[in-house]
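> Here's a structure for you.
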Amino acid sequence: MYPEYMQESLKLVEKTRPERLKKSLSGEKVFTPMTDAERGEVLTKFHPDYKADARRKIRIGPNRGENITLEVADLLESHSRINPDDFDLSRVDYDTDVLVIGGGGGGAGAALLARENGAKVIIATKLRIGDANSMMSQGGIQASVNPNDSPAIHYLDALGGGHFDNKPDLVRALVMDAPLVIKWLEELGVMFDKDSNGNMVTMLGGGCSRKRMHSARDYTGAAIMRVLRDEVKNHPEDIQVIEFSPAIELLMDEGGQVAGAILYNLETEEYIMVRAKSTIIATGGFGRLHIKEFATTNHYGATADGLVLGYRAGANLLYMDSVQYHPTGAVYPEQILGFLITEKVRTMGAQPVNKFGELFVFPLEPRDVESSSFIRECTERGKGIITHTGRVGIWLDSPLIELINGEGAIQKQLPAMYRQYNRFDIDITKEPMLVFPTLHYQNGGLEINDQCETKIPNLYAAGEVSGGVHGRNRLMGNSVLDYNVFGRRAGIAAALNAKEVKLGKLTLKHIKRYERELQEADIHTDKISPMLLPNYTTPEVRARQLTAHYEGTLR
Amino acid sequence: MEEKTPSPKAKMISLYIMGKKYEVPEGSTIMGALEYAGYQLKRGCGCREGFCGACATVYRTTDDYKIKTGLACQTVVEPNMYLAQIPFFPANKALYDLDELEPSISTFQEIYPELFRCVSCNTCTKACPQDLEVMDYIQALIRGDIAQAADLSFDCIMCGLCAARCPAEIVQYNVAVLARRLYGKYLSKKGEYLESRLKEIKEHKYDKEIEEFMHMDRESFKKKYYARDIEKM
Ligand SMILES: Cc1cc2nc3c(=O)[nH]c(=O)nc-3n(C[C@H](O)[C@H](O)[C@H](O)COP(=O)(O)OP(=O)(O)OC[C@H]3O[C@@H](n4cnc5c(N)ncnc54)[C@H](O)[C@@H]3O)c2cc1C
Ligand code: SF4
Ligand code: SF4
Ligand code: FES
């Protein structure tokens, strides 16, 4: 139930619903999609990336002089958690062929494929394996499988969505491997939604021109991640999983190759050395940086660690000037602020409407365009709904879904969404959801080629931590695909590389060099990175923790 | 913009974290309350949105002798709640090669024999924060109905609360993941579209077209993009 003060607006939504439904059922476009010029205008005027203080020049490292997202620049211009001189580099705790940093979908896929290609693998991860953005994706995974679709059309959509900045070789890998990935997942036992002929149910995603979104109810990510995790755990003799032990720096050898990483045991507070012939960074995204103070959809450990590790070792970043805000984050009730309302809600027919019940944008524009138009509606046009805590949002008219797809469609195909709201006594089959853009995805990241190699020998990256695949804006369903395609590729490449590599004497000189760069650039900061976990302790408690020791945000 | 910063006007209520009393803002989630009280979570916190099962919590309220269960990130605090998280529960997981298993009851008899010790007490169902019919999916498997077990357990987030409460020491969620994998791999119907697309890709049907796209100048490519036809919803 929504509070009294929202009822008037809710009535207007109900009033305009039959007309909007009629148009939707007629098969016509419910709203005219924007032209290139219109997209450009709404983006530059309303997207948070275009705010004057959204970006700044980074002063050190491989991308020196480039404009990147402010919060990321601050994190990169920080000190290491360790003093390299404190380390006895002759004491190696683990030796392995392939070290995978990050136990999300990308990391799990990489480990499985590295194993298949003959490698012994260690997965080091921050929380538990599967406590990751990969577990949370709801809407789906793209793959051109239908007869009226093709990898080429998928290519076209992905590049257009990314504003034509995507790296072509990466997009080719993405679209060409996509059907193979679906097949691989199905053989591992992932249950996709299917029709009575056994073909996959596919939907139209934002910015896509074909129905290409494969889903597993609205637990797509969980359905995949649960299976990948189960499979990883079936091979303890080849894949060792070390949980609650995030990597805090890479190790290198005298020859300038990456040679493993230093882990930090969050519980015993020990630092552990892992020597590896190939190292894959699969640490995911950065939502917990709360860029521009936005709420986020991301898991607790999404703190951009992999960017810091890679950058300090000399790897390049690509497109770190762009941030993806998902158009539909929850605004009300307050307890689920920022939570993701999957795009599948719109692909199934829900429409964004303002406080007068007017549809004001094509429901499935690319995400940055859609988000910007929501912000415009709430700011310049003043047609948002304001909550008692002063937040603002627009309605996402979910009851349309049942009117279009039949009664029961929501509970059957969007059980997570239904459950989420039902916990707070809101029935989304009858009432709309109040939404506003939420910090969702790291579009850019470590630069890789289509074998997932960074420019540093023995260092690979895959998944959300990498950049280039999606240009400056990712389409829905392409990142679950991304971590599968490139996780697998990284695993194969890393295993093959491990057969050739000879490692030299270990060093942490790169950390010293980076510290020197900080000094030379006259950067004075007490910040420490990688962040590892955000800190949500209140200032009142902090003030009373007189003897607590914080190293960065972490106690 | 996090749940950690309750508005200053929020009314405060008392609750007991592992038996110790704290004042926290009304309307917080249990997770928000733990953080408000001063805990920096390392275990017991993953997705923060009800998808990962890291934050299993048991609690009681003073007016009731019953043990209640919930997800810390999804459950709103109640006055005088006594709570503790169960961040880890030692659970049996069988190792198997899916390629060698049969999608039949004999598989379960062999690798999860404890399944057949279920006493139908329904405690697991009552414990499930996803409101799944846990006992029913266990019973379905005992009857050999893998399809039904896969369907009923689909929204399981593997939080472990059912297993923690089961007198027969069954690990429902590990049994269920196997049921779903067997269903997905062997029992679900396979369509033609995927196979024919894989064949086309193997035969390099799309290589040339994509190669052309890759080398097209930006403006011509843009034209192509905006001219593409969009399939109807
Ligand atoms: C709520 C939500 C819904 C989404 N829905 C969709 C969707 O429908 N379709 C789609 O295509 N995409 C979706 N996405 C995006 C997609 O899920 C992610 O981009 C993708 O899963 C990232 O996979 P990954 O393996 O790269 O990273 P993750 O799955 O995030 O895994 C990274 C892992 O690394 C760990 N880690 C972090 N730092 C360290 C460190 N220093 N050392 C060791 N380990 C570390 C993390 O804890 C985590 O376990 C969604 C994302 C979210 C958050
Ligand atoms: S079935 Fe068990 S493990 Fe799965 S969600 Fe319910 S209580 Fe948690
Ligand atoms: S708790 Fe255990 S014994 Fe009781 S019904 Fe569930 S599975 Fe059976
Ligand atoms: S933290 Fe993931 S379910 Fe609560």
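The values are calculated or read from the model by the stated rules, or taken from the named source; none is laboratory data. No experiment lies behind these values; they were computed from the predicted model shown. Here the Cβ is made from the backbone with ideal geometry for all residues, glycine too, and neighbour counts use every protein chain on show. Only protein heavy atoms, including side chains, enter the accessible area calculation; ligands, DNA and RNA are left aside. Shrake-Rupley method; radii C 1.70, N 1.55, O 1.52, S 1.80 Å.
Residue-wise test of (1) more than 14 Å from chain B (Cβ to nearest Cβ); (2) not small (G, A, S).
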residue: A:E38; (1), (2): no, yes
residue: A:D53; (1), (2): yes, yes
residue: A:N67; (1), (2): yes, yes
residue: A:S78; (1), (2): yes, no
residue: A:F87; (1), (2): yes, yes
residue: A:D97; (1), (2): yes, yes
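> Report, ordered by the first and then the second residue, all pairs with beta carbons closer than 7 Å, sequence separation of six or more or different chains, a first member in region B:71-88 that is in contact (Cβ under 8 Å) with a residue 40 or more places away in the chain and of a type outside the set (A, V, I, L, M, F, W, C), and a second member that is surrounded by fewer than 17 Cβ atoms within 10 Å (Cβ to Cβ) and not in a loop (DSSP other than H, G, I, E, B).
Listed by first residue and then by second, the contacts come to B:P79/B:S14; B:N80/B:S14; B:Y82/B:Y16; B:Y82/B:R60.
> For the condition within 14 Å of ligand 1 (Cβ to nearest atom) and open to solvent by 20 Å² or more (accessible area, probe 1.4 Å), what is the one hit in A:Y271, A:Y325?
Exactly one residue qualifies, and that residue is A:Y271.
> Are any of the residues in region A:445-464 open to solvent by 10 Å² or more (accessible area, probe 1.4 Å) and within 16 Å of ligand 4 (Cβ to nearest atom)?
There is no residue in region A:445-464 that is open to solvent by 10 Å² or more (accessible area, probe 1.4 Å) and within 16 Å of ligand 4 (Cβ to nearest atom).
> Another one. If we only count helices (runs of 4 or more DSSP H) wholly inside region B:123-175, which ones have 2 or more residues that are more than 16 Å from A:R226 (Cβ to Cβ) and open to solvent by less than 10 Å² (accessible area, probe 1.4 Å)?
Here the list reads B:134-142.
> For the condition out of contact with any His (no Cβ under 8 Å at 6 or more places or on another chain) and more than 16 Å from ligand 4 (Cβ to nearest atom), what is the one hit in A:N166, A:N199?
None of the other options fit; the residue is A:N199.
> Does A:A173 satisfy being surrounded by fewer than 24 Cβ atoms within 10 Å (Cβ to Cβ), out of contact with any Leu (no Cβ under 8 Å at 6 or more places or on another chain) and more than 10 Å from every other protein chain (Cβ to nearest Cβ)?
Spelling it out, A:A173 is indeed surrounded by fewer than 24 Cβ atoms within 10 Å (Cβ to Cβ), out of contact with any Leu (no Cβ under 8 Å at 6 or more places or on another chain) and more than 10 Å from every other protein chain (Cβ to nearest Cβ).
> Could you list, in sequence order, all residues of region A:445-457 that are outside any loop (DSSP other than H, G, I, E, B) and within 19 Å of the chain's Cα centre (by Cα)?
Answer for region A:445-457, where residues must be outside any loop (DSSP other than H, G, I, E, B) and within 19 Å of the chain's Cα centre (by Cα): A:G445, A:L446, A:E447.
> Further question on the same structure: Quick one: count up the residues across region A:151-163 that are open to solvent by less than 10 Å² (accessible area, probe 1.4 Å) and either closer than 21 Å to A:V369 by Cα or assigned to a loop (DSSP other than H, G, I, E, B) (or both).
So the count comes out to 7.
> Given (1) open to solvent by less than 10 Å² (accessible area, probe 1.4 Å); (2) assigned to a loop (DSSP other than H, G, I, E, B), identify the lone condition not met by A:T389.
Tallying (1) open to solvent by less than 10 Å² (accessible area, probe 1.4 Å); (2) assigned to a loop (DSSP other than H, G, I, E, B), A:T389 fails exactly one: (1).
> Quick check on B:K126: is it more than 16 Å from ligand 4 (Cβ to nearest atom), of a type in the set (K, R) and under 28 Å from A:E187 (Cβ atoms)?
So B:K126 does not fit the description; no.
> What is the residue count in region A:517-541 for residues that are open to solvent by less than 100 Å² (accessible area, probe 1.4 Å) and more than 9 Å from chain B (Cβ to nearest Cβ)?
12
> Could you check how many residues of region A:75-90 are of a type in the set (D, E, K, R) and either without any contact (Cβ under 8 Å) to a residue 60 or more places away in the chain or open to solvent by 50 Å² or more (accessible area, probe 1.4 Å) (or both)?
Result for region A:75-90: 3.
> Go through region A:392-409 and give me each residue that's surrounded by fewer than 18 Cβ atoms within 10 Å (Cβ to Cβ) and in contact with a helix residue (DSSP H, G or I) (Cβ under 7 Å, 6 or more places away or on another chain).
A:I404, A:A409
> For region B:78-92, state whether one or more residues are of a type in the set (V, I, T), closer than 20 Å to A:L266 by Cβ and assigned to a loop (DSSP other than H, G, I, E, B).
yes
> Out of A:G301, A:G349, A:G306, A:G329, report the one residue that is within 12 Å of chain B (Cβ to nearest Cβ) and not in a loop (DSSP other than H, G, I, E, B).
Only one candidate passes the filter, namely A:G329.
> Still on this model: Among the strands (runs of 3 or more DSSP E) lying completely within region A:32-106, list those that include at least 3 residues that are touching a helix residue (DSSP H, G or I) at 6+ places or on another chain (Cβ under 6 Å) and at pLDDT below 95.
none
> Out of the residues in region A:337-366 that are closer than 18 Å to A:V30 by Cα and among the aliphatic types (A, V, I, L, M), which is most open to solvent (accessible area, probe 1.4 Å)?
A:L359
> Let me ask something additional. Suppose we filter region B:181-233 for residues that are more than 7 Å from every other protein chain (Cβ to nearest Cβ), part of a helix (DSSP H, G or I) and under 12 Å from A:A152 (Cβ atoms); how many remain?
Going through region B:181-233 one residue at a time, the tally reaches 5.
> Please specify each residue of region B:56-83 satisfying the condition of being within 16 Å of ligand 2 (Cβ to nearest atom), within 17 Å of B:K21 (Cα to Cα) and open to solvent by 30 Å² or more (accessible area, probe 1.4 Å).
Matches in region B:56-83: B:V58 only.
> Only one residue in B:L178, B:L152, B:L132, B:L98 is within 14 Å of chain A (Cβ to nearest Cβ), closer than 28 Å to A:E187 by Cα and in contact with a Gly (Cβ under 7 Å, 6 or more places away or on another chain), so which one is that?
After ruling out the rest, the residue left standing is B:L98.
> Something else about it: State which residue pairs qualify: first residue within 30 Å of A:L317 (Cα to Cα) and in a strand (DSSP E or B) and inside region A:416-444, second residue open to solvent by 10 Å² or more (accessible area, probe 1.4 Å) and among the aromatic types (F, W, Y) in any location, beta carbons under 6 Å apart, and separation of 6 or more residues or different chains.
Sorted first by the residue in region A:416-444, then by its partner, the pairs are A:L439/A:F294.
> Also, quick follow-up: Return the residues of region A:135-157 that are within 16 Å of ligand 1 (Cβ to nearest atom) and within 10 Å of another protein chain (Cβ to nearest Cβ); say none if nothing qualifies.
Passing the criteria: A:M135, A:M136, A:S137, A:Q138, A:A143, A:S144, A:V145, A:H154, A:D157.
> So which residues in region A:22-42 are open to solvent by 70 Å² or more (accessible area, probe 1.4 Å) and either farther than 19 Å from B:D229 by Cβ or in contact with a Pro (Cβ under 6 Å, 6 or more places away or on another chain) (or both), if there are any at all?
A:K22, A:K23, A:L25, A:A37, A:E38, A:E41
> Next question. Among what's in region B:40-55 and is over 16 Å from A:L337 (Cα atoms) and at the interface with chain A (Cβ under 8 Å from one of its Cβ atoms), pick the residue that is farthest from ligand 2 (Cβ to nearest atom).
Only one residue tops the list, namely B:Q40.
> OK, next. So is A:E334 open to solvent by 20 Å² or more (accessible area, probe 1.4 Å), out of contact with any Cys (no Cβ under 6 Å at 6 or more places or on another chain), free of Cβ contacts under 8 Å to residues at least 24 places away in the same chain and not polar (S, T, N, Q) or not?
When the stated conditions are applied, A:E334 does not pass them.
> I need a count of the residues in region B:161-173 that are within 14 Å of chain A (Cβ to nearest Cβ) and either closer than 12 Å to B:M135 by Cβ or more than 9 Å from ligand 2 (Cβ to nearest atom) (or both).
Total satisfying the criteria: 1.
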